[in-house]
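**Q** Before we start, here is the structure in question, set down as structure tokens.
The values are calculated or read from the model by the stated rules, or taken from the named source; none is laboratory data. Please read these numbers as outputs of a predicted model, since none were measured by experiment. Glycine also receives a Cβ, built like all others from the backbone with ideal geometry; neighbour counts cover every protein chain displayed.
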Amino acid sequence: MNLFETVKSAVTVKQAAEYYGCKVNRGDMVCCPFHDDQHPSMKLNRDYFYCFGCGATGDVIDFVARLFGLSSYEAAKKLAYDFGIDPDKPPAAMALKKPYPLARAFRNDEIYCQRVLCDYLHLLEHWKIEYAPQSPEDELDDRFVEASQMIDYVEYLLDILMFAELEQRVKAVDMLLNDGTIAALERRLKRLEKEVQHRGEERAIA
């Protein structure tokens, strides 16, 4: 079995959704994390998910990849790490226990930090392309400069939060939460999103 097959045979979509903070209701329905879902519209089956609202669908690896903005391989590695899966052992020999007795509060904080940093990284990647200078004479846009300076650091933080040993992850989460970095970044991202929506509405009216 390769990594993908091993992970999919060992972890159900429902297990992954619950682990990453989704509240599963009766009938294995959840509020879809991929659109503004006020009432549960995503169905979690053992091998795949389907949202009746936005049409999002896929297997457990697709779910985690989309949730955190990862490639399929990165999502499979994250699942294997979080669920303590050894790809060299058959599923029957695996214990689906986490490698460390992580407290629920820490797990929620860790996932919160990951989600905000992933959103910020996607924004930076967009800025680096959208606002890149077209000629040596062009004045550098502040957004391009920020993207150039911050992308490597944000990727470094995400690598720690997703793949480092527990002690490093705890330190990183404590640092990001205690110094207000994540809260301030989340507020900024929401403000920027509203500004984009407002500009889109103005263009539609015009």
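**Q** Taking Ser9, is it among the small types (Gly, Ala, Ser) and more than 18 Å from the chain's Cα centre (by Cα)?
**A** yes
**Q** Something else: Quick check on the stretch 1-23: of everything there that is part of a loop (DSSP other than H, G, I, E, B) and modelled with pLDDT of 90 or more, which residue is surrounded by the fewest Cβ atoms within 10 Å (Cβ to Cβ)?
**A** Thr12
**Q** A follow-up question, please. State whether the residues of the stretch 105-116 include one that is exposed (fewer than 13 other Cβ atoms within 10 Å of the Cβ) and either at pLDDT 85 or above or touching a helix residue (DSSP H, G or I) at 6+ places or on another chain (Cβ under 8 Å) (or both).
**A** For the stretch 105-116, residues exposed (fewer than 13 other Cβ atoms within 10 Å of the Cβ) and either at pLDDT 85 or above or touching a helix residue (DSSP H, G or I) at 6+ places or on another chain (Cβ under 8 Å) (or both): absent.
**Q** Could you tell me whether any residue of the stretch 71-82 is assigned to a loop (DSSP other than H, G, I, E, B) and crowded, with 17+ Cβ neighbours inside 10 Å?
**A** No, there is no match, as no residue in the stretch 71-82 is assigned to a loop (DSSP other than H, G, I, E, B) and crowded, with 17+ Cβ neighbours inside 10 Å.
**Q** Then there's this: For the stretch 161-180, what are the residues that are closer than 15 Å to Arg115 by Cβ and at pLDDT 90 or above?
**A** Once the filter is applied, which keeps residues that are closer than 15 Å to Arg115 by Cβ and at pLDDT 90 or above, the stretch 161-180 yields Ala172, Val173, Leu176, Leu177.
**Q** Test Arg115 against the criterion of being of a type outside the set (Asp, Glu) and under 21 Å from Lys77 (Cα atoms), and give yes or no.
**A** yes
**Q** Residues that are in the same structural domain as Gly84 (by TED's automatic domain parsing), farther than 21 Å from Cys22 by Cα and under 19 Å from the mean Cα position of the chain (by Cα): find the helices (runs of 4 or more DSSP H) completely inside the stretch 95-206 holding 2 or more of those.
**A** Here the list is empty.
**Q** Restricting to the stretch 30-44, name every residue that is within 17 Å of Thr57 (Cα to Cα) and surrounded by fewer than 17 Cβ atoms within 10 Å (Cβ to Cβ).
**A** Correct list: Phe34, His35, Asp36, Asp37.
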